[in-house]
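Here is the structure we will look at, set down as structure tokens.
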Amino acid sequence: MAGALRVSLNLESPTPAYRQIANDLRRHLVEERLKPGDLLPPVRQLAVDLGVHFNTVALAYRLLADEGWLELKRRRGAAVLERNAPRAVDRRHVDHLMQQLGQIVAELRSAGMSSRQISAALHRLAEGARS
Amino acid sequence: MTSAFWGMALVVTVNAVFFHAMPRFSRPDILFGVTVSEAFAAGAGRALVSRYRAIVWIGAAAALAILLLLQAPRDESGRGAMLMTGVMTGSIVFAHVAWQLARQKARAHAVPPSDVRVASLVTRDTSLPGGVLFAAGPFAILLATALLLYTYLDDVPDGPDTANPFGQLAFGAILVAMMLTMALTLTRRSRQIAVDGPAAAVEQRFRRVNALGLVLAGYAAAILMSAVAVKSIPALGDTLSGRWRFVLLPLMLFNFGATLWMLRVGQGGYRAVAPAARREVRGDATPDRAWIFDVYYVNPRDPAMWVENRFGLGYTLNYGNWRAWLLIIGMMLVPMVAGRLLF
């Protein structure tokens, strides 16, 4: 596992804590900084370090396990799984994400970014996720 | 000058040295138990520390002067000794008051806790220092002593006024179990403040040295209770008496060395790394408002059982955590009940 792997939590964010943790972990998984076979810290250790309830971290791990990223291990945290082939596309979930992306693009446009800049930024993010 | 004077003068002086050094032990952005900016701690905060230290030493000097006046002429009634004890205690209270006054001043410069919390995704070693076999050593000592006593069963004194040596060994086992529970919960239920890099490595070493101290305290308890139990058998007690201290010597040496190391590196080992290596570390990840007199940490929302001390070095329990209360109740009740039932 590469060094400087972190998960962060913003207490002021409107996003629920378990979502923030899951989002950070997913980013590491997609960018392959967390590789198949890597072990994540036990739920209690991560909860103590972040100062949140154990259930918050457990919920984040379960979310990623449901997405096929992790295998939960009793008392030993979670192990990263091989996830080459995407599972069946959840149309509703994809639609929801696309709707969110549309809102973000609109906000970026109103903040002054051109569509070309937005397109380049999205391309960069997508390529970063693949590499 | 009487020996009582020298004894009390020593206590007053050691207390003053202890309070003088206290601000040095805290993490760099914690001043008198208050989270401040590192810039304030390194700048205006220094003047606050100097003033506090001057007050501590003025109190100690005044106490020494009064002790000097009180110890002559000798007071046969014992009133003089009582007064001297009062002065000594007063100097300790005075130093605490100086600390609290400085704390009040530091609170004006407190910084709010960060809204962002960061944790490492790298699993860390949460096993007992030395491993399970090493941790089982104290139980092995007690078991070996029990077997030894069993071979001398006819010599075991019997009667209502005689302590049962097997009861003493069982009591030792309870003490050892408590020490190991404390060590285990310290490694598993305390927060890692520095996320990664050398600051995190030294913080983990600091925590493990504390946990090792608890495991060794388990060894000391096992050896002492074995010594007490063996002493009750005349044939063994005479042979082994006095030799136990040689067994305890390495433990005492470790304790002394560990204390010196912790004094040198400060809380969480922060002084063992360069400032650049710990630039991301802010405070001790506990909110100021959860601390009562810098000594008691009460935060029911914090899942950590142990947190870094703000007054002194090492760790303290989170009194808002129900698991910590199980440990506290265990520490208080179990030895009391066991002592009554087993002796």
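Only the coordinates and a few stated rules stand behind these numbers; no lab work does. On a predicted model such as this, the values are computed, not experimentally measured, just so you know. Don't worry about glycine lacking a Cβ; one is built from the backbone with ideal geometry, like all the others, and counts go over all protein chains shown.
Overview of results
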| item | result |
| --- | --- |
| Global geometry of segment B:260-336, whether rounded, prolate or oblate, following the gyration tensor of its Cα atoms and the 1.5 cut on a/c | prolate |
| Enclosed volume per residue, in Å³, of the convex hull spanned by Cα atoms of segment A:15-131 | 127 |
| Cα centroid of segment B:254-299 to Cα centroid of segment B:1-42, whole Å | 15 |
| With eigenvalues of the C-alpha gyration tensor scaled by 5 and rooted, chain B, Å | 39, 31, 17 |
| For segment B:43-56, 3J(HN,Hα) per residue [Karplus equation, 6.51 cos²θ - 1.76 cosθ + 1.60, θ = phi - 60°, Hz, x = Gly/Pro] | x, 4, x, 5, 5, 5, 5, 4, 5, 4, 5, 4, 5, 4 |
| For residues of B:271-282, the mean tally of beta carbons on other chains within 10 Å | 0 |
| Dimensionless Rg ratio for segment B:30-188, taking C-alpha atoms and the 2.2 N^0.38 Å reference | 1.78 |
| Nitroxide proxy distance, nm - points 7 Å out along Cα→Cβ at B:Ala177 and B:Met332 | 2.0 |
| 10 Å beta-carbon shell around A:Gly51, net charge (K/R +1, D/E -1) | +1 |
| Long-range amide H partners of A:Leu70 with built H, under 5 Å | A:Ala65, A:Leu81 |
| Burial ranking of peptide ranges B:272-282, A:72-82 (average Cβ count within 10 Å, highest at the top) | B:272-282, A:72-82 |
| Contact order relative to length of chain A, as percent, for alpha carbon pairs under 8 angstrom and 6 or more apart | 23 |
| Under-5 Å amide H pairs with B:Asn318, H placed in peptide plane, nonlocal only | B:Trp306, B:Val307 |
| Gaussian network model of chain B, Cα within-10 Å springs - most flexible of B:Leu142, B:Leu67, B:Leu180 | B:Leu67 |
| GNM top mover of B:Trp306, B:Trp57, B:Trp244 - chain B, alpha-carbon springs below 10 Å | B:Trp244 |
| Among B:Val49, B:Gln100, B:Thr145 the positive-end extreme of the charge dipole of chain B (Cβ point charges) | B:Val49 |
| Efficiency of FRET between B:Met82 and B:Ala61 - r from beta-carbon atoms, R0 22 angstrom, step 0.05 | 0.50 |
| Candidate lysines - alpha carbon under 25 Å from A:Lys73, same-chain residues fewer than 8 apart omitted | A:Lys35 |
| Under 11 Å, Cβ to Cβ, from B:Gly320 - net charge with Lys/Arg +1 and Asp/Glu -1 | +1 |
| Protection-proxy order for peptides B:81-88, B:27-34, each taking the mean of Cβ atoms within 10 Å per residue, highest first | B:27-34, B:81-88 |
| FRET efficiency estimate (nearest 0.05) - Cβ-Cβ, B:Phe256 to B:Phe166, R0 35 angstrom | 0.60 |
| Phi-based couplings in Hz for segment B:27-38 (Karplus 6.51, -1.76, 1.60; Gly and Pro marked x) | 4, x, 10, 10, 10, 6, x, 10, 7, 10, 6, 4 |
| Selected from B:Ala108, B:Ala200, B:Ala136 as most flexible by GNM, with chain B as the system and alpha-carbon contacts under 10 Å | B:Ala108 |
| Candidates per chymotrypsin sites (Phe, Trp or Tyr not before Pro) in segment A:1-64, loop by DSSP, up to 11 other Cβ within 10 Å | none |
| Table column - 3J(HN,Hα) (Hz), segment B:184-192, Karplus curve with 6.51, -1.76, 1.60, x for Gly and Pro | 5, 5, 5, 6, 9, 10, 10, 7, 8 |
| Nearest-0.05 FRET efficiency for B:Ser50 and B:Leu153, computed from C-beta distance (R0 56 Å) | 0.25 |
| Global form of the protein assembly as shown, assessed from the alpha-carbon gyration tensor, a/c cut-off 1.5 | oblate |
| Rh by Kirkwood over Cα pairs, then Stokes-Einstein D for segment A:1-46 at 1.567 mPa s and 4 °C, µm²/s | 112 |
| Under 5 Å, built H, 5+ apart or other chain: amide partners of A:Arg6 | B:Leu121 |
| Shielding score for A:48-59, defined as the mean number of other chain Cβ atoms within 10 Å | 5 |
